[in-house]
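Read the structure below first, then the notes.
Values quoted throughout were computed directly from the atomic coordinates according to the rules given, and no laboratory measurement underlies them. As the structure is a prediction and not an experimental result, all values here were calculated from the model. All Cβ positions, glycine included, derive from the backbone under ideal geometry; neighbour counts span all protein chains shown.
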Amino acid sequence: IQFLAQNPLSIYPLASTMTHKSFSMNKFFLYARKSTDEPDRQILSIEAQIDELKEFATQEQLEIVETFVESQTAKEPGRPIFNNMPSLIKKGKASGILAWHPDRLARNSIDGGRIIYLYDLGKIKELKFPTFWFDATPQGNLSDSSIVAGGRGFEPR
C-alpha cells in the first residue's frame, strides 16, 4: 500500500481485495458494456461484469441507483445507453459511475471528455473500477482522467 501512495499511476488489479474502504455517500450508476467489434478479445461477459461490480459495490458500501447495460463498441461516440448517463448525472440522479474497467466507459476522446467535464464541474464525484485504483490526489485525479479520456491507452493503435 505504501508503494501505491507514492505511485498513483499504478494499476492495482483486483482493487476489491484492498483493505481500504470508501464509505462513499454518493449514488452510483453501474455501467456494463461488451464490445461488438472484437468478441474474441472480451475478458468478461456483461453478466460477469455486473456480478463483480455488485460485489465490489457491497464491499465498498456504494449505493447503485441504476444499472446501464450496452453491447456496442466504444471506439466511436454515439452509444445511446451511455449517452443517457450524462444527462441523468446533470439532473443529480447519481454522482458516481461504477464500471469494470475505464475502457468500458470510453475508448474515444469525445465520450471520455464528457466524463472528465462532468468530473471537473463536480457533477461526477467518483469513478470506481474494481480493476483499477486511483488515490484522491491531484496526480491520482490526473491519471484517472488520462485513462478515461484515452480509454485505449493500454493497446496499440
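What pairs in Lys34/Lys123; Lys34/Lys93; Lys27/Lys128; Lys75/Lys128; Lys54/Lys128 have C-alpha atoms more than 18 Å from each other?
From Lys34/Lys123; Lys34/Lys93; Lys27/Lys128; Lys75/Lys128; Lys54/Lys128, over 18 Å: Lys34/Lys123; Lys34/Lys93; Lys75/Lys128.
Give me the net charge for the shell around Phe68: Cβ to Cβ below 11 angstrom, other residues only, Lys and Arg +1, Asp and Glu -1.
Computed value for this residue: +1.
Report the net charge of residues surrounding Asn26, where surrounding means a beta-carbon distance below 13 angstrom and charges are Lys +1, Arg +1, Asp -1, Glu -1.
Result for the local shell: +2.
Report the local net charge at Asn83: Lys and Arg +1, Asp and Glu -1, summed over other residues whose C-beta lies under 9 Å from its C-beta.
That works out to +1.
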